[in-house]
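Read-outs: derived from the displayed coordinates by stated rules, not from any lab. Since the structure is predicted, the reported quantities are computational estimates derived from the model, not experimental observations. Quick reminder, even Gly has a Cβ in these numbers, built from the backbone with ideal geometry, and neighbours come from all protein chains shown.
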Amino acid sequence: MYRLKYDPAAEAVHEAMPSAASEFLTLALADACHDPIAVTEPYGEDDGVVRMLITEHAFAVLLIGDTLKTITVLQVTYLG
């Protein structure tokens, strides 16, 4: 299981999202903590390190740290 970390700006966007969209992203991030490669998409070149998590109302750019088992949320974009 991976541990979730946030860039402060990404966390602020996530917290400011409407509750339903925020909850959906939270659940998707929880799924990513169990198997980050299976529930994310490559961000650019598929290096297995920088990935995108896409939901109906948002997407997040994630940095997957296999050594320390961390997922850092680098950016959250609310799509409305």
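Summary of computed values
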{"item": "Whole-number percent relative contact order across the chain, with pairs defined as alpha carbons under 8 Å at least 6 apart", "result": "36 percent"}
{"item": "Nearest-ten-degree value, helix 19-34 long axis tilted from longest Cα axis of the chain", "result": "10 degrees"}
{"item": "Dipole moment magnitude, nearest 20 debye, the chain about Cα centre, only Lys, Arg, Asp, Glu C-beta charged", "result": "220 debye"}
